[in-house]
Amino acid sequence: MTPEGSGSRDGKTLSNAWSINDFNNSNNWTDSDNNDTIDPGDTVYFSGTFKSIIYLKGSGTAGKIITIDGADATLGYDGDWGRGLIRIDGKNFLTIKNFHIDCGYITGTSETHNGIYIKGTNENPSTNITIDNNDITQTVTGIFYGGNVQNLTITRNRFHDLNGSGVRGGKYTYDEWAWPPPKNITIGGAPGMGNSFVNVGYLDSYYNTDAFAHLDHTSDIIFSYNIGYSTKTWWGMTGLYGNNIKNVLVEYNILHSFNADHHRPPIAMKGDLNPCEVHGPYIIRFNHIWNSHGDDKSWGDSSPAFTCSGNWAGLYAYGNNIHDCSSAFGPTLGYSSNKDGCPDSGTAKYLWRDGKDVNDIYIFSNIVSKTQGTAVYTGGYAGNNDSINNVYVFNNTFYKIGTRQTDLGFGYAGTNLFTSSSGIGMTLKGYQYNTHVYRNNLIIDPRPNDTYKLAMKLRSTADNFVNDFNHAYDSSLKNIIIEYRDDSDNSTQVNWGSSSNISADGKSNSIGNPHLKNLNEMDFRLTENSTTLIGTGEKMGTGNIITLEIQGQSYPIPWDFSLGPQTIFSTTDPDKIIIDEVSQNSLGWNRGAYAFVESQDSLGKVKGVKVEAVP
């Protein structure tokens, strides 16, 4: 295929190539094996520089995929090309690969001027489509999908210098589009298949939901083995932004350096497009995230590495390495307009006090270091009277939490994360918390730039609240503080490890030098001298917390996961993130994110326990 065609134009050789008009002609696509048309199982090769819209007019089959190969092609367009340069509308079993798409700098919204555009309706879904190994730059959005799109796989693409998002899609309400919403969307998905997102999301009238991937109204999402960052000022709105999405796995990603004005968190999950539904669950594991600061460039003055808000339930975040961010985890309630009920029009896009609580938050075995504010906080917007229930924060390692204590004004989720920063924070009223367990966490050098060493800021009036078997240490030997507040915000400060008349205070909390491998080099592995941590933690549970199903595959979430000494968090290659998974129940429950293994020359049997690296 060449722009104008050549020779006899029978399409069988480059010297006799079809033209783009031949390709776009539906009469040249058939469902049977025909040497003169594009049929299931065929590969079409593009060669040259194209300034035309490409329409895919036929489908492959399960055993015979049609492949469109642009290894020798560049796509661009002079003028307004609408929704996409490559358009797929109600087609199936297709692969688009190896194209270079470059249209020069484009402004506009993220729903127009896309590199590749995929649409499906109830009558004509688009299914089983693979977008692989393309280079997409200087469009608005790289790949846009909408409507009934199922089994879309996006792998090995390079998205860079895009005004909008790398990937954007969801369920929309245009008259010509129909339900059901998109399902089974994979972005990356396996080692060697991840995408890169560089300088994606440019400030455009504070349209701050442009992202490496912006996904709405989509279920069964896998976002893994991707790398994303910005190198330019004003670029990098956010990493993964999802609103009203369900059954989500985010793992083995490297996300860092968000420089855009009013950028959002690297991973932001919301549930406010339809207040009548509850969204989630989310598995967030084995990601390396850094350099997302809370300052005059971030949305709401803060930028946690991960946040959930709105109507949602089910967060399972473990084995992540987060550092040099505003904060680490910010699961919260949503907006409130001081109205009750579940409206379906007008301001229904934003949550009212609808009685849908947030349930089931498990944050464990993460490494969090050098955050400006609180490492883990649970909160919500003023006036929202819903509750956050069943929260378990355990076996995390927190180092130098609260490096910034200056007041920035409005703080995300209704609290200033910096003036009151700590390892763990609770900002709602006591009656809005039910069953919160903080256990086996290691907190080192909290608020390092302040004489006030606040390790936890907790709500003493919360129901079923447990704070025990945590360990703290301040290298300057200052007293470490736990601050309790009642619902009138009257505070009581308690020295870590001391007794008090507050029933929730610190049973079996300990204090002292943890003797980790090398704090100066951010090496938080345990040593044989870490006797205050080894085997002194409290058991959380056996078996699995829950088993979730995403894209038909089961994902058991274990109670007793911890990081082994062979764990590696690469800064450049997601494929080189190695998670050395160790069972706490096998070796004994420690405090902090790491297990202790006396000697380990290679992955294999240690003290009778098989330790395996997750690929």
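Summary value for region 1-157: 17 percent relative contact order, contacts being C-alpha pairs under 8 angstrom separated by 6+ residues. Extension gain for residue 232 to residue 478 (0.36 nm times residue separation, less C-alpha to C-alpha distance): 84.5 nm. Shown are 474, 78, whose ranking by accessible area with a 1.4 Å probe and every protein chain present, most to least, is 78, 474. Evaluating 6.51 cos²θ - 1.76 cosθ + 1.60 at θ = phi - 60° for every residue in region 540-550, the Karplus couplings come out as 8, x, 10, x, 10, 4, 6, 10, 9, 10, 10 Hz, glycine and proline recorded as x. In this rough spin-label picture, where each label sits 7 Å from Cα along the Cβ direction, the residue 158-residue 124 distance is 3.5 nm. The peptide list 523-529, 148-154, 127-133, put in order of mean Cβ contacts within 10 Å with the highest first, becomes 148-154, 127-133, 523-529.
Considering all projection directions equally, how large on average is the shadow of the alpha-carbon convex hull of region 524-567, in square nanometres?
4.5
Ligands, DNA and RNA aside, residue 466 has an accessible area near 50 Å² when probed at 1.4 Å. For region 571-585, the Karplus equation 6.51 cos²θ - 1.76 cosθ + 1.60, evaluated at θ = phi - 60°, returns couplings of 9, 10, 9, x, 5, 9, 6, 10, 9, 8, 8, 10, 8, 5, 5 Hz by residue, with Gly and Pro reported as x. Would you tally the net charge around residue 102, using a Cβ to Cβ cut-off of less than 11 Å, leaving residue 102 out, and scoring K and R as +1, D and E as -1? It works out to a net charge of -2. Each label was represented as a point 7 Å from its Cα along the Cα-to-Cβ direction; for residue 190 and residue 51 these points are 4.1 nm apart.
Per residue, region 524-567 exposes 45 Å² of accessible surface when a 1.4 Å probe is rolled over the protein heavy atoms with every protein chain present.
Label reach from residue 64 (point 7 Å along Cα→C-beta): in region 78-100, amide nitrogens under 20 Å belong to 91-96. Using the Karplus relation 6.51 cos²θ - 1.76 cosθ + 1.60 with θ = phi - 60°, the per-residue 3J(HN,Hα) values for region 426-438 come to 10, 10, 7, 6, x, 5, 8, 10, 9, 6, 10, 10, 10 Hz, with x marking Gly and Pro. Net charge in the neighbourhood of residue 290 (other residues with Cβ under 14 Å of its Cβ; Lys, Arg +1, Asp, Glu -1) is +1. Taking 21 Å as the limit for the C-alpha separation, the pairs 171/356; 429/453; 91/171 exceed it in the case of 171/356; 429/453. Summarising the label geometry, the points placed 7 Å from Cα in the beta-carbon direction at residue 464 and residue 542 lie 2.2 nm from one another.
The values are calculated or read from the model by the stated rules, or taken from the named source; none is laboratory data. No experiment lies behind these values; they were computed from the predicted model shown. Note: ideal-geometry Cβ built from the backbone for every residue, glycine included; neighbour counts use all protein chains shown. Surface areas here come from the heavy atoms of the whole protein model, side chains and all, with no ligands, DNA or RNA. Shrake-Rupley method; radii C 1.70, N 1.55, O 1.52, S 1.80 Å.
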